[in-house]
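Data first, discussion second: the structure below is written as structure tokens.
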Amino acid sequence: MNVLRHLVPINRWLEPLLAAVVAAGLVVALVHLYYRGFLPQPFFYQPDDMWGDWFNVVYWAYDKGTYDSFGTVYPPLTFVFLRLVSIRRCYPESAAAADPGAGLAARSCDWLGIAASHILFMTMIVVVAITFVKQDRKTAPWRAFVLAAGFPMLEALDRNNLIIITFILVVLAFGPFLRHAWLRWLCIGLAINFKVYVVATVGVQLLRRRWLWVEGATIATILVYIVSFIIFGRGTPLEIYHNLQAFAGTGASTFMDVWFPATYLALYSLIDNWMSPVQGLIGSRWTTVSLWTLWAITRTAQLSILAAAAATWLRPEVVPRHRLTNFGISLALITNESGGYTVPLIFFFTLLEQWRGIGPKWAIISVYILSIPLDIPIQYAPPIVRDLFWPNRTVIVGYFFGVGPVLRPLFLMSIPFALSLSTIRTVWIDIRTQGWRGRRRYSGDFPLLTHGGARLPS
């Protein structure tokens, strides 16, 4: 009995165990990097393109073809920021049309960009650690570690993607750091102007009748955009919208296009593409079954979120704010493919859940599983010769099609699905036990367009 008493609650030993598995996977990946010079799958398949998401984009901060030639979906703030943390002489004008990776040569020159991007990553670690310590000291070490050093965030570091600074701003906006509402609004406005899909975290707040919060965040977003547009001189809403449409319509034609997805959109496109070899490998019958299954899984997850949103509208007081925000960003990220390194946004709000109930428990466990930086091979492909940036040498890389592109989106979508079912159950129980009469459901509401000196809700 004494032994059983120490095993309850389960997360006292399960979360440290899962964190140890993630750490072991990280050690394996680092050993692979030490001996072979590049990170193993499921890290990005082009080892010569390390930090590419940063330096390729910086180049277009100095080139006038940002929104037509490059076709970027980033708002102007991104390029204003990158100009501040880069060395101009490292990005000379070149024939960008013939060299889509024109910014890569700057990696050996732009020491300021390398320093700034890694300072951002270290800042993220500190912010995450403090946040989880304030949330729950008992689970803070494991949850902070798996979020900051798990596979999605390490992939963001490998690519030097701007999701890192966006993530910091989101944590500041919704975490325990800032007391003043206007600072939170400014952070979320900046985050949206780095990654447009973060806007989903704002609109969903209306389900809790946080009118003033939505108003403030919207005004902050617009003001940040106007200022950054004036500074940068280009990037109209229409240009960004057209580029978003073009980006969303890009389909997959090879297995490389489904390397590290957050959704089944790329895999669906690959299977449905008659020019890809998939249909010839699995046959027409399994093609139809696969397409229907992927469609059904995605729609089920989306509908569960919408059902939970409707339940939240009925009883907003029984649904935690972080879960509601999680629904918004989850719906955005599983509806449009934004890359696997965007999922730490979902992880953050999920790890704010308490270890209580089947749904939250499953969601937390799924975060740990998705953070393991390894993949299981299904079919190997012929090796390819690749050049490395660091160290500067040529190596032979062996690729394989693994279980990641199939299972990772499933586990990711199971997170909002499990939390949605838990929310619906909680609302249903509250309605059954409390009824409808005598309830002050709107007592914490704030009227729209309110002004004055009253303290604002965080």
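Points to keep in mind about this one:
- Over the residues of the chain, the helix contribution to mean residue ellipticity at 222 nm works out to -19000 deg cm²/dmol, using -39500 (n - 2.57) for each DSSP H run of at least 4.
- Integer Hz, Karplus 6.51/-1.76/1.60 couplings in order for segment 301-306, x for Gly and Pro: 5, 5, 5, 5, 5, 5
- Footprinting exposure proxy ranking of Y225, Y241, fewest other C-beta atoms within 10 angstrom first, gives Y241, Y225.
- Between W390 and K134, the FRET efficiency from the beta-carbon distance, with R0 = 30 Å, is close to 0.25.
- Panel order for H180, H32, by other beta carbons found within 10 Å of each beta carbon, from fewest to most: H180, H32.
- Sites V227 and W286 - FRET efficiency at Förster radius 56 Å, r taken between beta-carbons, to 0.05: 0.60
- The alpha carbon gyration tensor of segment 327-395 gives principal lengths a ≥ b ≥ c with a/c of 1.5 or higher and a/b greater than b/c, which makes the shape prolate.
- Using C-alpha pairs under 8 Å with a sequence gap of at least 6, the mean separation divided by the residue count of segment 302-382 gives a relative contact order of 23 percent.
- Length-normalised contact order for the chain - Cα pairs under 8 Å, 6+ apart - percent: 21
- Whether segment 8-81 is rounded, prolate or oblate, judged on the alpha carbon gyration tensor where a/c under 1.5 counts as rounded: oblate
- Point-to-point label distance, S108-T123, nm (Cα→Cβ direction, 7 Å offset): 3.0
- The spacing between segment 170-244 and segment 301-335, judged by their C-alpha centroids, is 19 Å.
- For the chain, cysteines whose Cβ has no other cysteine Cβ within reach (under 4.7 Å): C187
- Loop trypsin sites (Lys or Arg not before Pro), segment 317-372, which have at most 11 other Cβ atoms in a 10 Å radius of their Cβ (DSSP): R356
- Here L419, L374 are placed in order of increasing Cβ neighbour count within 10 Å, fewest first, which gives L374, L419.
- Over segment 35-172, all Cα pairs binned in 10 Å intervals from 0 give whole-percent P(r) values of 11, 37, 33, 15, 4, 0, listed from short to long.
- Distance between the 7 Å Cα→Cβ label points at L178 and L84: 1.4 nm.
- A Cα-only calculation for segment 146-263 places Rg and Dmax at 16.3, 48 Å.
- For the peptides 428-435, 187-194, the ranking by packing is 187-194, 428-435, with the highest mean count of neighbouring Cβ atoms within 10 Å listed first.
- Annotation for I376 and R12: the two label points, set 7 Å from Cα along the Cα-Cβ direction, are 3.1 nm apart.
- Under a model in which nothing but the beta-carbon of Lys, Arg (+1) and Asp, Glu (-1) is charged, the chain shows a dipole of about 2140 debye around its Cα centre.
Here, each number is a calculation from the coordinates, and none is a lab measurement. The structure presented is a predicted model; accordingly, all values stated were derived computationally and were not measured. Every residue, glycine as well, gets a Cβ built from its backbone with ideal geometry; the counts of neighbours run over all protein chains shown.
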